[in-house]
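Chemist: This structure is in structure tokens; I'll ask about it shortly.
Bear in mind that the values in this text are calculations on the coordinates, not laboratory data. Note that this is a predicted model, so its numbers are computed, not measured. Don't worry about glycine lacking a Cβ; one is built from the backbone with ideal geometry, like all the others, and counts go over all protein chains shown.
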């Protein structure tokens, strides 16, 4: 009886340790969300054909190339500010390979910004004006913006008959 009780207690203790190791952290969740959003945006940019980079969903909105450039500029500003490394993006590019190159450059800066966060520095204050606030707030603002822009990219892709990355495998 004592052996069974000790075994049961041991199992519970070990399972408690294992489940405690799986508890998400705020920094970990921020980084995970960033990685997913980055992947979706890069895949969406790659899926759009070269000749459709000049496509506008309606006459009064950005071209697909301008939409990607907008994402790149916003990331370079915010993430560059977080890491103290201002980054210039050439938003005049229109060719797919050039636009994706600028996007990759902005993601490289954001990679450094998101890699720099830890659970101990998430509430660190920085920036100024509308670009100021906690490290968490500034990076989540970029994530929110990126997700809004990904949603817009989805519309452009669908108008071209392309299944967006987030819907792959689920039909049209």
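Chemist: Expressed as a rounded percentage, what relative contact order does region 30-111 have, with Cα pairs under 8 Å and six or more residues apart?
Modeler: Details: 87 pairs, mean separation 25.3, N = 82.
Relative contact order for region 30-111 comes out at 31 percent.
Chemist: Any idea how far apart residue 57 and residue 98 come out in nm if each label point goes 7 Å out from Cα toward Cβ?
Modeler: The modelled label-to-label distance comes out at 2.5 nm.
Chemist: Using the Cα atoms of region 31-90, I'd like the radius of gyration and the largest Cα-Cα distance, Dmax, both in angstrom.
Modeler: When restricted to the Cα atoms of region 31-90, Rg and Dmax are 13.3, 38 Å.
Chemist: Let me ask something additional. Expressed as a whole number of Å, what is the distance separating the alpha-carbon centroids of region 30-62 and region 69-94?
Modeler: What the calculation gives is 16 Å, centre to centre.
Chemist: A follow-up question, please. For region 26-167, divide the Cα radius of gyration by the Kirkwood radius and give the resulting Rg/Rh value with two decimals. Walk me through the numbers before you get to the answer.
Modeler: Numbers: Rg = 15.2 Å, Rh = 15.4 Å.
The Rg/Rh ratio comes out at 0.99.
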